[in-house]
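The block underneath contains the structure these notes are about, expressed in structure tokens.
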Amino acid sequence: MPAKAFSALHDRDIRTVKQCPPFIDAMAHGFMILLPCDVQVDKGSFSWDWEAPATTVEGHPRAPLSFHPPAQVTGTPFEHGDALVLKFNSFWTIELEPGWSLFATHPVNRHDLPFRLLSGLVDADQFHDAGINFPAVWTDEEFVGVLPKGMPVAQCMPVPRERPVLHFDTLEGAAATRYSQTVADVLAAPNVYRKQYRQRK
């Protein structure tokens, strides 16, 4: 991803999203579930050559992925004829602190991937003795190639279940002054957010 690219609209090079900290920070937030092996794909046909380690428990998956019937997404935005619905199998159990749930979603800003993960929220402070699997809709029917080992298939973020208290008010007085000054600072020079507001994560 280049840091700058030519803009015909501006007739000059401009900064790309690579220089946008919120864009980059969102991609690195939480933790990723990674594909455990290479998966060969040929227009909807999937295969792999993987000797999974021996398991010591019953019911543990032995394949990197399995499939759902298309009927399971009937009436959703993911319904598309005979849509191919995958399930990326989990080889991890995830336990969170009391009061926290696990939000699992498509890897953020990764629209290049040939699938779209279905987002889900799991109360992983209670459900943690078995793996969490990750369903996805295959979006590129013509894809031929390899899904490489280590490719992110899900991005997971612990979130508190306690609802925040929201306050709404009119923007006026000192708050309005701070607003105007902040906007002026951002428009006057690059990297204001990164230098003054961004926090180490």
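The values are calculated or read from the model by the stated rules, or taken from the named source; none is laboratory data. Just so we're clear, the structure is a prediction, and the values are computed from it rather than from any experiment. Glycine gets a Cβ as well: all are built from the backbone with ideal geometry, and neighbour counts include every protein chain shown.
Return the residues of segment 78-98 that are at pLDDT below 85 and surrounded by fewer than 16 Cβ atoms within 10 Å (Cβ to Cβ); say none if nothing qualifies.
Answer for segment 78-98, where residues must be at pLDDT below 85 and surrounded by fewer than 16 Cβ atoms within 10 Å (Cβ to Cβ): E79, H80, G81, D82.
Quick one: V57 ticks every box in (1) within 18 Å of the chain's Cα centre (by Cα); (2) hydrophobic (A, V, I, L, M, F, W, C); (3) exposed (fewer than 15 other Cβ atoms within 10 Å of the Cβ) bar one, so which box is it?
Looking at each condition in turn, V57 falls short on (1).
Give the number of residues within segment 157-200 that are over 30 Å from L96 (Cβ atoms), among the polar types (S, T, N, Q) and under 26 Å from the mean Cα position of the chain (by Cα).
So the answer is 1.
Any idea which residue in segment 107-130 is farthest from P70 (Cα to Cα), counting only those that are in contact with a Phe, Trp or Tyr (Cβ under 8 Å, 6 or more places away or on another chain) and outside any strand (DSSP E or B)?
My answer is D125.
Of V39, V108, which residue is farther than 16 Å from A130 by Cα, surrounded by 15 or more Cβ atoms within 10 Å (Cβ to Cβ), of a type in the set (A, V, I, L, M, F, W, C) and in contact with a helix residue (DSSP H, G or I) (Cβ under 6 Å, 6 or more places away or on another chain)?
V108
Is segment 20-27 home to any residue that is in contact with a Lys or Arg (Cβ under 9 Å, 6 or more places away or on another chain), modelled with pLDDT of 90 or more, surrounded by 14 or more Cβ atoms within 10 Å (Cβ to Cβ) and not aliphatic (A, V, I, L, M)?
Yes, because at least one residue in segment 20-27 is in contact with a Lys or Arg (Cβ under 9 Å, 6 or more places away or on another chain), modelled with pLDDT of 90 or more, surrounded by 14 or more Cβ atoms within 10 Å (Cβ to Cβ) and not aliphatic (A, V, I, L, M).
With a cut-off of at least 1 residues that are among the charged types (D, E, K, R) and closer than 30 Å to Q199 by Cβ, name the strands (runs of 3 or more DSSP E) lying wholly within segment 1-105. Break it down stepwise before answering.
Numbers: elements: 4-7, 12-15, 31-34, 39-42, 45-47, 65-68, 85-88, 100-105.
The qualifying strands (runs of 3 or more DSSP E) are 4-7, 12-15.
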